[in-house]
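All remarks here apply to the structure that follows.
The values are calculated or read from the model by the stated rules, or taken from the named source; none is laboratory data. Keep in mind that this is a model prediction, so the values were computed, not measured. No Cβ is skipped: glycine too gets one built from the backbone with ideal geometry, and neighbour counts run over all protein chains shown. Accessible surface areas use protein heavy atoms only, side chains included; no ligands, DNA or RNA. Shrake-Rupley method; radii C 1.70, N 1.55, O 1.52, S 1.80 Å.
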Amino acid sequence: MVAFRSYNFADHSLLSNSNRISRILFRNSFSSTNAQSPIIRNHDALYKRISPATITPKTSVVPILDQWVQEGKNIVADELKNMIKVFRNHNRYSQALQLSEWMTNRSYLDQSSGNLAIHLDLISRVHGLEQAEKFFDSIPDSLKNFKVYGTLLNCYAFKKSLTKAEATMEKMKQLGFMTTHSYHSMLSLYTKTENHEKLVKLIDQMDKANVRYHRQTYYILLTAYASFDIKSMENLLAYMEANPYLPLDWHIYIILAKGYLNFNQVEKTLEMLKKSEENIFQNTNGVAYEILLTMYASLGKKDHVYRIWNLYKKTWRKVDNKGYHHMVSSLVKLDDIDGVEKIVEEWESVTPMFDFWVANVLVNGYSKKGDWKKAEAFVERLVSEGKKPPRSTWDSLAIVFSKHGEMEKAVDAMRKAILSNGDHWKLNEVTLRTCVKYLEEKGEMEVAKELLKSSEGCRDLKFVSDVVEVSG
């Protein structure tokens, strides 16, 4: 937008230029782009069989779908399309892609531009840009509309492929395909890559092209300014607060708080957090409280962390695992290990679904405090109760043991980590290397070699091949 560039991000005299402000910032009616959660109307056995709450991230949905068909049961295409959205919302991109491919191969999914765009996004996330480009090239030109090109642009932006993203943007301009969301992709890319001059030029282009602003546009612009120009952030906020047709929410003030924190303005950060709290309403989801917990913990404000936690529980009554994870993580950051123990105990007593994602925070908290014995006792208790720690838990325990010189225990935990399933955790390379070195020094070269050969996700590391060659 020209206005931002013309006042060099700091000219307060322009605050009185209301006509200019209205024309540029608020030329269009405010529209929200908040994502709607997909609705699964038919809560039947198929949904329960392939729901993210039922299957692990590594489980393939294809055999489950094939079994459903073999049982002679009906397939409702719209329900499966909604399931693709559910998987994407849960970051289960591999399973979403499996479902999309299964539907396409069986003609349950028509080859519309919208469906092709979703498939392109999934390929990029699961298989990378090269495969995504091949798929894009295979799409007939007649179907390559703004949705497909916009998705390709977003893929490049997400992967921070600046040159290809800019080339795609220029192509989209020629075709008349640039939308508000397309500009969002580029604004976010320039922000992440700290291309501030290009960001300003793009805002100017958006002004000249009369691009319609959405809620997300303001989020992105504030986030961008918060990273490099606090005065521009404040000026944009002033314009937004002065416009009665532009409702502000808790998220806006969180962005501002992070901006002030970037510039070490603690008092202003606290002021924005207070405003954020004032704008949390009944229909706001729990993420607002979770971010506030993290922000107050970053500022070392333990009293505020507990206050927000109590408010969170009072407002929502049933806080899920994600909420508890944020709370215990915040307390670990504050070195309040006693508080972590109490919250974990409370969580274990109320959660309907035990998740080691939360339990691991306590293990890491013990590690931070140097108490490996408590970390060991905690995991042993969970095992005695019939729970099966995933790779991430054993790896965390191996790190604790290694850090405090308990190498026999570290090797044993690392071996259990390698043999465990249940998550996509990548083993800690430093700890694995330390375990291998320990075994070598003991003369147990074959054991070291077996440990390395069994370690998924680490076998391509150079030190693995070096040790295997030596031990061989």
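Would you mind working out the accessible area per residue for the chain, using a 1.4 Å probe, and quoting it in Å²? Spell out each step's value before the answer.
Working: 23790 Å² over 472 residues.
For the chain, the solvent-accessible area averages 50 Å² per residue.
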Inset, instruction - Return the distance in nm (one decimal) between the two label points of a simple spin-label model at residue 73 and residue 353, each offset 7 Å from Cα along Cα→Cβ. - result: 1.9
Inset, instruction - Assign unit charges at the C-beta atoms only (+1 for Lys and Arg, -1 for Asp and Glu), then state the dipole size of the chain relative to its Cα centre in Debye, rounded to the nearest 20. - result: 1020
Legend entry - Residue-by-residue Karplus 3J(HN,Hα) for segment 343-360, coefficients 6.51, -1.76, 1.60, Hz, glycine and proline x: 5, 5, 4, 4, 4, 4, 7, 10, 6, x, 9, 5, 9, 5, 4, 7, 4, 4
Inset, instruction - Take residue 383, project a point 7 Å from its Cα along the Cβ direction, then tell me which residues of segment 339-366 have their backbone nitrogen under 17 Å from it. - result: 356, 359-360, 363-364
Inset, instruction - Sort out for me the Cα centre separation of segment 214-276 from segment 400-442, rounded to whole Å. - result: 44
Inset, instruction - With a point put 7 Å past each Cα toward its Cβ, work out how far residue 195 is from residue 134 in nm, to one decimal. - result: 2.7
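Could you give the length gained on full extension between residue 243 and residue 373, defined as 0.36 nm per residue of separation minus the Cα-Cα distance, in nm? Let's see the in-between values first.
On the way: separation 130, 0.36 × 130 = 46.80 nm, distance 5.80 nm.
Length gained, residue 243 through residue 373: 41.0 nm.
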Legend entry - Separation in nanometres of the label points that stand 7 Å from Cα toward Cβ, at residue 322 and residue 59: 2.0
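Could you sort 369-379, 430-440 so that the peptide with the highest average Cβ count within 10 Å comes first and the rest follow in order? Don't skip to the answer; put the middle values down first.
On the way: 369-379: 17.5, 430-440: 19.9.
My ranking of the peptides, most packed first, is 430-440, 369-379.
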Legend entry - Vicinal HN-Hα couplings computed from phi for segment 327-339 (Karplus, 6.51 cos²θ - 1.76 cosθ + 1.60; Hz; Gly/Pro x): 5, 5, 5, 5, 5, 4, 4, 8, 6, 9, 5, 5, x
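Can you give the FRET efficiency to the nearest 0.05 for residue 412 and residue 167, using r as the Cβ-Cβ distance and R₀ = 41 Å?
Details: r = 53 Å, r/R0 = 1.28.
It comes out at approximately 0.20.
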